[in-house]
Structure formats: C-alpha cells, structure tokens
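Visitor: Can you read through this structure? Questions will come right after.
The values are calculated or read from the model by the stated rules, or taken from the named source; none is laboratory data. Here the structure is a predicted model, which is why all the values come from computation and not from measurement. Note: ideal-geometry Cβ built from the backbone for every residue, glycine included; neighbour counts use all protein chains shown.
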Amino acid sequence: MADSHDQNRPAGSAVNRDDRNAGSSLAGGGFFEIHVRGHLNREWSDWLDGLEIKLLENGEMVLSGVVVDQAALMGILNKINRLNLTLLSVSEASQKRRQNE
C-alpha cells in the first residue's frame, strides 16, 4: 500500500524510503551551499535570508549559510528562480567541512 507521500509523486518517479527519511535532518535546519550560474553583488545577501555570497571566476556563485528549515530553503530557491538564475546544485555541508572554512 502506498503512503500519502507516494500519492503526490508523479508517475514513474522513484523515491527511496531511506532517501526520504535522510532529508528529515533539515527539519532542524542545517548549513547549506547553493551553487548558481550567474552573479549577484553582496547587497543581495539580506534578501537571500543572510546567505553569504561567494563569486567564482567562471561566472558562477556559491550561496552558503544556515537555513532554518525546509520552508526557508524552498523560499530561497524560489527567490533564485524569480531572479532567473540557473540552479546548479544544493547540498548540505557536513560538520567537518564547515569547521575547515
């Protein structure tokens, strides 16, 4: 029997239960890196919920910082979409990686 999450999933898309449960760590927030094609100046940081903006020489940028929950992450991704920037990747940075920065 399919659970309620499966009913909202498009036909033909597969979601591993372990993958779905792994995302539950976001409920308490986390440190994220969002890789985007395009540049914004650092004045956009406040509008992007205080994320740090790091510009790369190849015309891309990395937005990084603490995201409080999944709703906040979706809000940031929606803002990136409205700016017509190309989203390249979203990743939660490990504790070890954060300490090395």
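Visitor: Sort out which residues of the range 14-62 are under 15 Å from ASN81 (Cα atoms), exposed (fewer than 13 other Cβ atoms within 10 Å of the Cβ) and modelled with pLDDT of 95 or more, and write them in order of number.
Guide: none
Visitor: Looking at this structure, is VAL67 out of contact with any Lys or Arg (no Cβ under 7 Å at 6 or more places or on another chain), of a type in the set (A, V, I, L, M) and under 22 Å from GLY29 (Cβ atoms)? Break it down into steps so the answer makes sense when it comes.
Guide: Values: out of contact with any Lys or Arg (no Cβ under 7 Å at 6 or more places or on another chain): yes; of a type in the set (A, V, I, L, M): yes; under 22 Å from GLY29 (Cβ atoms): yes.
Yes; evaluated as a whole, the condition is true for this residue.
Visitor: Could you list all residues from the range 26-41 that are over 20 Å from SER94 (Cα atoms) and assigned to a loop (DSSP other than H, G, I, E, B)?
Guide: First pass over the range 26-41, keeping only residues over 20 Å from SER94 (Cα atoms): 37-41.
Passing the criteria: GLY38, HIS39, LEU40, ASN41.
Visitor: Which one of the conditions (1) in a helix (DSSP H, G or I); (2) at pLDDT 95 or above; (3) in contact with a strand residue (DSSP E or B) (Cβ under 9 Å, 6 or more places away or on another chain); (4) not charged (D, E, K, R) does LEU87 fail to meet, given that it meets all the rest?
Guide: Only one criterion is unmet by LEU87, namely (1).
Visitor: Step by step: first the residues of the range 63-78, then only those that are under 12 Å from VAL36 (Cα atoms) and either polar (S, T, N, Q) or without any contact (Cβ under 8 Å) to a residue 40 or more places away in the chain (or both), then the one that is surrounded by the most Cβ atoms within 10 Å (Cβ to Cβ). Which residue is that?
Guide: Among residues in the range 63-78 that are under 12 Å from VAL36 (Cα atoms) and either polar (S, T, N, Q) or without any contact (Cβ under 8 Å) to a residue 40 or more places away in the chain (or both), the one surrounded by the most Cβ atoms within 10 Å (Cβ to Cβ) is LEU63.
Visitor: If you don't mind, there's one more thing I want to ask. Go through the range 42-61 and count every residue that is outside any loop (DSSP other than H, G, I, E, B), more than 18 Å from PHE31 (Cα to Cα) and among the acidic types (Asp, Glu). Show your work before the answer.
Guide: Keep residues of the range 42-61 that are outside any loop (DSSP other than H, G, I, E, B), which gives 42-44, 52-55, 60-61.
From what's left, more than 18 Å from PHE31 (Cα to Cα): 42-44, 55, 60.
Still in the list and also among the acidic types (Asp, Glu): 43, 60.
Selection size over the range 42-61: 2.
Visitor: Quick check on the range 61-73: of everything there that is closer than 14 Å to LEU51 by Cα and aliphatic (A, V, I, L, M), which residue is farthest from the chain's Cα centre (by Cα)?
Guide: MET61
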